[in-house]
1. Per residue, how much accessible area does the chain show when a 1.4 Å probe rolls over the protein heavy atoms, in square angstrom?
2. Can you tell me the relative contact order of the chain? Whole percent, Cα pairs under 8 Å, sequence separation 6 or more.
3. Counting Lys and Arg as +1 and Asp and Glu as -1, what is the net charge of the other residues whose Cβ lies under 15 Å from the Cβ of Gly119?
4. Which of the helices in the chain, when you take each full DSSP H run, stretch at least 24 Å along the axis at their Cα atoms and have an average Kyte-Doolittle score of -1.0 or higher?
5. For the chain, what is the number of Lys pairs with C-alpha distance below 21 angstrom, counting only pairs 8 or more positions apart or on separate chains?
6. What is the gain in length, in nm to one decimal, between Phe442 and Leu379 on full extension, counting 0.36 nm per residue of separation less the C-alpha to C-alpha distance?
7. Where does the charge balance sit around Arg316 when Lys and Arg score +1, Asp and Glu -1, over other residues with C-beta under 11 Å from its C-beta?
8. Once amide H atoms are placed 1.01 Å from N in the peptide plane, what residues at a sequence separation of 5 or more from Leu226, or on another chain, have their amide H within under 5 Å of its amide H?
Amino acid sequence: MSSAPAIPLDERRAHTFFGHPRGLAYLAFTEAWERFSYYGMAALLVLYMVNQLLLPGHVEHVAGFAAFRGLLEDAFGPMSRQALASQIFGLYSGFVYFTPVLGGWFGDRIGQRSAVVLGALSMAGGHLAMAFDQSFLLALLLLIVGSGLLKGNISAQVGSVYPPDDEARRTRGFAIFSTAINFGAVAGPLLCGYFGDRYGWHVGFGTAALFMLGALAVYLSGYRHLPARVERKAKSATAPLTREDRKTIAALVGVMAITVLAYIAYYQLANVLPVWLQAHADLNAGGFAIPIEWFYSIDPLVSILSVPFLFALWDRQSRAGREPSALTKIAIGSFICGSAYFLLVAGIALSPGRVPWVWPVLFCAGQGVGFMYFWPTLLALVSRAAPPKINATMMGVCFLTLFVANNLIGRIGAYYERMTPTAFWALHAAIGGAGGLLMILFGRVLARILEPHPSGAAKR
């Protein structure tokens, strides 16, 4: 595939999309529809397992499932249906963020353009396989492999469609690309959730498959506008890491480790929250039954809407000399994600029966704001502070924190039925709070390494 003719670089950049290279349009729309399919499927996954796939009469038909369950229960002990669904969700969502490291390595060898096409084909096959109980494990495997190939390479292509010295437009291009991701994250659960709720699980999964095929069609239509291979910069490739570089790497790994706690507090909304909503929430809003999957769209929607307000807040704080440092923003995000669970606890305490839908809506909205504080800030910190020689590697390690966090989310979620809902949500409030406290506790030491200030300047 990489041998297909491509438009020369200068000509590609001459074709514009709102002042940006036309290739950006194909990449952004491809990612929007890919994220639509991914988040649409993820919104259905846990409820599908709990309410259908793992029930007697269905689970026996899943190819290879008996052996797979045996491996999990050998490692973690006997599991209920909900605990098993939580563990599978954690493994799946974790490995989705592990394989891009391998996918990037593979793309460097066969060309990023070919790797993205292979990844899209694999993901489309995975979504189609989700339409049948029998191929469930094969579907997850295809989605994990496909996501690794696609996500591990498409972001690199975004930067490559710009001239090397056009940093300002490149930064705005990544902002457009990120907006496309958020659009897909909002729209996917809404549409796939609606069809899955009204017409059955497999119709919802089929909808995700159609949009993944749409993503592939968009990418192929812009194939000649995209570089077959992204050339990696070789500057400093042979320079050894200095003592200061090693201190910086250690400090960044420490920040990432603490951020795992913030992400656990944030992303349990995709795993156990749907199960809790089904059993304990009143989702009737003026006669309309809100599909549970729609709650998965709230936090990315709030993330999008909160951006101009957060930028205005940080700009005002900056002019007053009070803008929080990157480490303080991560701590604030962790506190917000943890504190949001008190909304669920309050809803349980104040509701004699089922908890009104407004409480989980506010909870998801709070998570969207918290996410904007900790995750983009972490990416920006690593991009700025990591030594040039291993900058790209450290960005990949950032996503490996999501591999760790998602596996822990699945493991912790397996204990949901052994606790009361109040105790379970309070535990996650404590996890988020612990992340914020640890960042504050170690923040001054980390800041001396990662956020150097001129002599005599104040540190936050």
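The values are calculated or read from the model by the stated rules, or taken from the named source; none is laboratory data. Predicted, not measured: the structure shown is a model, and the values here were computed from it. For neighbour counting, all protein chains shown are included, and Cβ atoms are generated from backbone atoms with ideal geometry for every residue, glycine included. Only protein heavy atoms, including side chains, enter the accessible area calculation; ligands, DNA and RNA are left aside. Shrake-Rupley method; radii C 1.70, N 1.55, O 1.52, S 1.80 Å.
1. On the way: 19660 Å² over 460 residues.
On a per-residue basis, the chain sits at 43 Å².
2. Values: 735 pairs, mean separation 107.3, N = 460.
It rounds to 23 percent for the chain.
3. On the way: positive: Arg35, Arg109, Arg113, Lys151; negative: Glu31, Glu34, Asp108.
For residues surrounding Gly119, the net value is +1.
4. Once both thresholds are applied, what remains is 22-48, 112-129, 136-160, 167-199, 201-221, 243-267, 295-319, 358-385, 391-413, 421-450.
5. On the way: Lys151/Lys233; Lys233/Lys389; Lys235/Lys247; Lys235/Lys389; Lys247/Lys389; Lys247/Lys459; Lys329/Lys459.
Count of close lysine pairs: 7.
6. Values: separation 63, 0.36 × 63 = 22.68 nm, distance 1.89 nm.
Between Phe442 and Leu379, full extension yields 20.8 nm more.
7. On the way: positive: Arg319, Arg322; negative: Asp315, Glu323.
Result for the local shell: 0.
8. Hits under the 5 Å cutoff: Ile7.
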